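The values are calculated or read from the model by the stated rules, or taken from the named source; none is laboratory data. Remember, predicted model here, so these are calculated numbers, not experimental data. Note that each Cβ is placed from the backbone with ideal geometry, even for glycine, and that neighbours are counted across all protein chains shown. SASA here: full protein model, heavy atoms, side chains in, ligands and nucleic acids out. Shrake-Rupley method; radii C 1.70, N 1.55, O 1.52, S 1.80 Å.
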Amino acid sequence: MKLNSLRGMQDILPEEIHIWHYIEKNARELFEIYNFREIRTPLLEQAELFLRSIGEDTDIVEKEMYVFNDKKGRKVALRPEGTASVVRAYIQNSLFNNPSPQKFYYMGPMFRYERPQKGRFRQFHQIGVESFGISTPTVEAELILMLKQFFERLNIKDLNYEINSLGCKKCRPSYRDNLFIYLNEKVANLCNDCQRRFTRNPLRVLDCKAPNCKNTLKDTPFIIDFLCDDCRMHFLSFQKELELMKIKYVVNPKIVRGLDYYTRTVFEITTTMLGAQNAVAAGGRYDDLVESFGGPKTPAAGFAIGMERVVELCKEITEIEPKRPFVYVAFAGQGMEGEAKKLVNMLRKNGFITETAYENLSLKNQLKRADKLKVEWVIIVGEEEFKKSMYKWKRMKEGTQGEARIEEILKILREGN
Ligand code: ATP
Ligand code: MG
C-alpha cells in the first residue's frame, strides 16, 4: 500500500523552506520592533472555543472544522485560526494584569476542511498578531502600517488595502433588521446554506462565496450607512490615520469577514497576482470577545497573514537562493579520513556549511559528489600535503586550485563566504 499525505495537506520541502524562513524572519524582526512578542498556543483546543467565538453559522464552524472526540469522549478541534486561542490564553493566564497594550504574534499551522485548490489547503499556515487593551483606531492603523512595512520588506507590491466597519452591539441590530427585510424578498434565489443563515444570522449571507448568491446580493444595504455616532467617528478617525501615514485604501462595504467576533474595523489585503484566492491577509477589531469568554472588558484587534499565498508571491518576484554546502572536505591516503573529520569539525565550528564523504570513497568519487552538491570550495586532505601541514584547495566555479595552511584557508573562506 502506498501511503500518501492527506488531501489538502502538503509537505514543505527543503528546496523551498528558505523562502518560509525568509518570510518568518522578516515577520519576527518587524513585529518585535513594534513590541509584539511571540505566543505559542496548542494546535488542539476544546471545540467549543471556536464554536462560541467564530460563530455557529460561519463557514468555518459549519463545514470546515476538524472536530472529533478524544479518548475520553471530549469534543476537541484542530484550530482553524489563531485569535480564539490567543484570547483564551490571555484570559487563562491573566495576562490582562500586565500593562496595556499586550501585543502578541504567532505563526503556525491552521486546519480547515475546505476544497483544496491553488492557494487553499486543509493544513495551511498563518502569521498573525493580536493587540489587547486599547480601543482607539490608532491600533488598527498601526496594524495596517506594520502589514505595509512587512510586505515592503518582502518586496511585494501592488496590494489593495480594503477596509470596512461592522459597527457594534448598539448599531449592528438595526442594520441586521434592514438587511433581513431586503433579503426576505430575495431568499428564494439564495443557496440552501444562505436560506438557513438568513434567519439566524443574515450578515453571514453577505460572506457567501456561491456565485449565484453574490449576484443576487449586488445591491444590499451597506452597514456603514447604519453606524452609530461612536462607530462612525471611530471609522472616520481610522481613515484619517491611514491618510496621515499615506496608506492608500478603499472602503469596501461588502467586507463582512467569515468570523462573527469582529466589531467596528475590518480589513482585507488583496493582490491581483494570485487569481481567485486573492486575500493575503485579513483582520479587524473584536472589542467584545475577551469579555464574552469571561475576561474583563478588553478592546482588541488583530490580523492574520496567509503564509502559502505570501510564499507564492515571493517565488514570483524574488530569487531567494537556497542554502547549499559551502565547503566539501575530501581525503586521500593513509589515515587521512580521521584528519578530514577533524577539519570538518573545525570548519563547522567556524560557521561554514560543510559536507564530507561518510564512507570510504575514491578521491574521484568524492570530487564528483562535491560537484553535484554545487559547493563553492573543496579542501582535500592528502597525505603528502598533510606532512607539510598543508591542504589542497579547489575553487569550483573558477576552477582554480592551490595549497595553503589552515589559517590561510580560513581567511580565504571567510572572504568568500
Ligand atoms: P478566504 O476568503 O480566502 O477563504 P478567509 O476569510 O477564510 O479567507 P481568514 O480566516 O481571514 O481567511 O484567514 C486569513 C488569511 O489566511 C486569508 O487571507 C488567507 O490568506 C489565509 N487562508 C485562509 N484560509 C486558507 C486556506 N484554506 N488555505 C490557505 N490559506 C488560507
Ligand atoms: Mg475561508
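One residue alone among GLU268, GLU291 is closer than 16 Å to PHE96 by Cα and either near ligand 1 (Cβ under 10 Å from one of its atoms) or part of a helix (DSSP H, G or I) (or both), and that residue is GLU291. When residues in segment 207-262 are screened for being among the hydrophobic types (A, V, I, L, M, F, W, C), open to solvent by 20 Å² or more (accessible area, probe 1.4 Å) and more than 17 Å from GLY284 (Cα to Cα), 6 of them pass. For ASN164, the conditions (1) surrounded by fewer than 20 Cβ atoms within 10 Å (Cβ to Cβ); (2) part of a strand (DSSP E or B) all hold with the exception of (1). Limited to segment 174-192, what total is found for residues that are of a type in the set (Val, Ile, Thr) and either touching a residue at least 12 places away in the same chain (Cβ under 8 Å) or open to solvent by 60 Å² or more (accessible area, probe 1.4 Å) (or both)? Residues meeting the conditions: 1. Counting only helices (runs of 4 or more DSSP H) that sit completely within segment 4-119, those holding 1 or more residues that are farther than 30 Å from PRO322 by Cβ and either in contact (Cβ under 8 Å) with a residue 60 or more places away in the chain or in contact with an Asp or Glu (Cβ under 7 Å, 6 or more places away or on another chain) (or both) correspond to 47-54, 83-92. If you go through segment 82-115 and pick out every residue that is in contact with a Ser or Thr (Cβ under 8 Å, 6 or more places away or on another chain) and within 16 Å of ligand 2 (Cβ to nearest atom), you end up with 3.
Residues that are assigned by TED's automatic domain parsing to the domain that holds PHE303, within 21 Å of THR265 (Cβ to Cβ) and hydrophobic (A, V, I, L, M, F, W, C): does segment 105-126 have at least one?
No, the conditions are met nowhere in segment 105-126.
Going through (1) under 30 Å from VAL187 (Cβ atoms); (2) away from ligand 1 (no atom under 16 Å from the Cβ) one by one, VAL256 falls short only on (2). Tallying residues that are open to solvent by 10 Å² or more (accessible area, probe 1.4 Å), more than 13 Å from ligand 2 (Cβ to nearest atom) and either over 14 Å from GLU312 (Cβ atoms) or small (Gly, Ala, Ser) (or both) within segment 264-281 yields 2.
If the condition is being within 16 Å of ARG112 (Cβ to Cβ) and more than 16 Å from ligand 2 (Cβ to nearest atom), then segment 35-55 contributes LEU43, LEU44, GLU45, ALA47, LEU49, LEU51. The lone criterion from (1) within 16 Å of ligand 1 (Cβ to nearest atom); (2) within 25 Å of PHE303 (Cα to Cα) left unmet by PRO211 is number (2).
Checking TYR261, TYR286, TYR249 one by one, the residue that is aromatic (Phe, Trp, Tyr), at pLDDT 95 or above and within 14 Å of ligand 1 (Cβ to nearest atom) is TYR286 and no other.
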